[in-house]
Each structure stands twice: as structure tokens, then as C-alpha cells.
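First comes the structure, then the notes that go with it.
Just so it is clear, none of the values below were taken in a lab; they were calculated from the coordinates. If you're wondering where the values come from, they're calculated on a predicted model, not measured in any experiment. Heads up, the Cβs are rebuilt from the backbone with ideal geometry, glycines too, and the neighbour counts pull from every protein chain shown.
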Amino acid sequence: MKAAIMQKRTLGIAVLLVLGGSIAVASAIGGDPSGAVVLAAFYLLSGVGVWLWSRRSGDVAALLRSEGDERQRAVDLRATAISGLAMGAFAIAGTIVQLARGEDPTMFALVCMVGGVAYSVAVGVLRARN
């Protein structure tokens, strides 16, 4: 059991570090080496923080270890939904601002489109399963 928990914790941190490292490398390639260093440091510190926090007891630690009980998973589900709503609202506001400025809103509008399609597909799939 402990080995499985360790694998889940290590995999989650590895994904965080690989994706964070990819963002830092992209920043360096894009011509912002100082931003890349800041991003790399941020994701490295985040990985250490997740590792340390996941060793503790409590709701957040259990979720970081991917072993939460039903109540803890419900908290995670609600938090995920709220963060999705916040990102969607930000993308909609960004689209509106870009259009009002007479600038290209494509990146914000693309996020809006992906969110809308993902929501529609999820509703369809979840309805079909129940």
C-alpha cells in the first residue's frame, strides 16, 4: 500500500516538474532567459512544497497523495469546478477586452471554445453513464 501511495505522489510531482520545466524552456526559447530561471525556480519550489505537504496528514495532503476519502474527493471536485469557472470568466473577460481594444482575441476565444466544448462533451458523457 505504501509503495502505491509513493508511486502516485512521485508521479504527480514528476508531472509538475516536467510540465513546469517545459514552460521554463519555452520561455528561454522565446527569448526570456530571466523569466525562464524564475519559472524553473517556481516549479522546483512547488514540487518540493507538494512533496513536503503530501507527507502530512489532513485533507489537502490526502488529495496530494491521491488517496482522499469520499468527502475529500468531493472538496477536490468542487475546488476544480470553481477554478474552471474562474478560468472561464477570465477568458471571457479577456475576449471582451481584446475586442474592445480592436485587438486579436483569438487566444482568449480559443480557451472559451475549449471550455465550452469540454463542458458539453462532459455533460453528454455523464448523462449517458447515469
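In this rough spin-label picture, where each label sits 7 Å from Cα along the Cβ direction, the GLN98-VAL121 distance is 2.1 nm. Here the calculated FRET efficiency for VAL75 and VAL18, from their Cβ-Cβ distance with R0 = 25 Å, stands at 0.40, rounded to the nearest 0.05.
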